[in-house]
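Quick notes on the structure that follows.
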């Protein structure tokens, strides 16, 4: 069953063939790509390395994929970095993951600014350790006027919590009289979500062979095209990303209607 599902969502790469931008239609790239960056720990285990080594290797791919997305004209890239459920992991691993944004932004923020990228953090930022919160808020502030690629980093993010908070906000508006219950529609919910003002993902990619959403952008992904690959995130390179884009471009999106 699992292998059959993967065939539905994944295109088999051509042997000995590396894709480049000329292999995709640059006039038809998705506006918004979301990625569940999975498999860091298993990548490290295969190499008899600690899990944190896999997370550090995975951060290198963030730079590569962000650059490719920017180069081909994608407008929004959303990366699932740390979920609300990831706090259940060993303390040592969580502490390391909370230090990674500072390490990565220290190296890459100047380049992102030069590329005109805007950084946004999706998630419960106030619940992050102070040193992590300080760094990501500073990155948002320094890039808020940029008009190029929007890089969303989902950090301490959980879609169910996001939806619950949106419901509370809408309920508060109804209670205060600023919103009529009869006026609640999809646009009302969209405005109450952390992704307010952004297009829904056109394409969602998950690495490592897992075939599930893991509490990521559940509302926003109602009509998102999905693409799964067995490649672990630290090995997910430029050509893998372009393979996913090419597969997306070969699909017919009908949004419940007919062509």
message: The conditions are (1) within 23 Å of residue 56 (Cα to Cα); (2) within 14 Å of the chain's Cα centre (by Cα); (3) in a loop (DSSP other than H, G, I, E, B), and residue 217 fails exactly one of them. Which is it?
response: (1)
query: Taking residue 174, is it over 16 Å from residue 34 (Cα atoms), surrounded by 20 or more Cβ atoms within 10 Å (Cβ to Cβ) and modelled with pLDDT of 95 or more?
result: no
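Conditions tested, residue by residue: (1) in contact (Cβ under 8 Å) with a residue 60 or more places away in the chain; (2) in contact with a helix residue (DSSP H, G or I) (Cβ under 9 Å, 6 or more places away or on another chain); (3) more than 30 Å from residue 88 (Cβ to Cβ); (4) surrounded by fewer than 16 Cβ atoms within 10 Å (Cβ to Cβ).
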{"residue": "146", "(1), (2), (3), (4)": "no, yes, yes, no"}
{"residue": "156", "(1), (2), (3), (4)": "yes, yes, no, no"}
{"residue": "165", "(1), (2), (3), (4)": "no, yes, no, yes"}
{"residue": "181", "(1), (2), (3), (4)": "no, yes, yes, yes"}
- request: Count, please, the residues in region 233-259 that happen to be surrounded by fewer than 20 Cβ atoms within 10 Å (Cβ to Cβ) and part of a loop (DSSP other than H, G, I, E, B).
  value: 11
- prompt: Of the residues that make up region 82-99, is at least one surrounded by 16 or more Cβ atoms within 10 Å (Cβ to Cβ) and on the phi > 0 side of the Ramachandran plot?
  reply: no
- prompt: Looking at (1) under 30 Å from residue 45 (Cα atoms); (2) surrounded by fewer than 15 Cβ atoms within 10 Å (Cβ to Cβ); (3) in contact (Cβ under 8 Å) with a residue 12 or more places away in the chain; (4) in contact with a strand residue (DSSP E or B) (Cβ under 9 Å, 6 or more places away or on another chain), which is the only condition residue 230 fails?
  reply: (4)
- request: Could you give me the residue pairs with C-beta distances under 7 Å whose first residue belongs to region 119-144 and is at negative phi and touching a residue at least 60 places away in the same chain (Cβ under 8 Å), whose second residue is buried (at least 18 other Cβ atoms within 10 Å of the Cβ) and part of a loop (DSSP other than H, G, I, E, B) wherever it lies, and which are 6+ apart or on separate chains?
  value: 122/194; 122/195
message: Name the single residue that is farthest from the chain's Cα centre (by Cα) among those in region 76-105 being touching a residue at least 12 places away in the same chain (Cβ under 8 Å) and over 25 Å from residue 195 (Cβ atoms).
response: 92
message: The conditions are (1) crowded, with 22+ Cβ neighbours inside 10 Å; (2) closer than 24 Å to residue 158 by Cα; (3) out of contact with any helix residue (DSSP H, G or I) (no Cβ under 8 Å at 6 or more places or on another chain), and residue 223 fails exactly one of them. Which is it?
response: (1)
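If you check 142, 107, which single one turns out to be over 17 Å from residue 61 (Cβ atoms) and part of a helix (DSSP H, G or I)?
Every option except 142 fails the conditions.
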- request: Look at residue 201 and say whether it is surrounded by 14 or more Cβ atoms within 10 Å (Cβ to Cβ), within 18 Å of the chain's Cα centre (by Cα) and in a helix (DSSP H, G or I).
  value: no
message: Being modelled with pLDDT of 95 or more, exposed (fewer than 13 other Cβ atoms within 10 Å of the Cβ) and at negative phi narrows it down to one residue among 17, 42, 47; which is it?
response: 47
- prompt: Which one of these does residue 175 not meet: (1) closer than 26 Å to residue 28 by Cβ; (2) part of a helix (DSSP H, G or I); (3) out of contact with any helix residue (DSSP H, G or I) (no Cβ under 7 Å at 6 or more places or on another chain)?
  reply: (1)
statement: Residues of region 199-216 being in contact with a strand residue (DSSP E or B) (Cβ under 6 Å, 6 or more places away or on another chain) and over 25 Å from residue 189 (Cβ atoms), in sequence order, are 211
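The values are calculated or read from the model by the stated rules, or taken from the named source; none is laboratory data. Values in this document were obtained by computation on a predicted structure and should not be read as measured data. Using ideal geometry, Cβ is built from the backbone for each residue, glycine included, and neighbour counts are taken over all protein chains shown.
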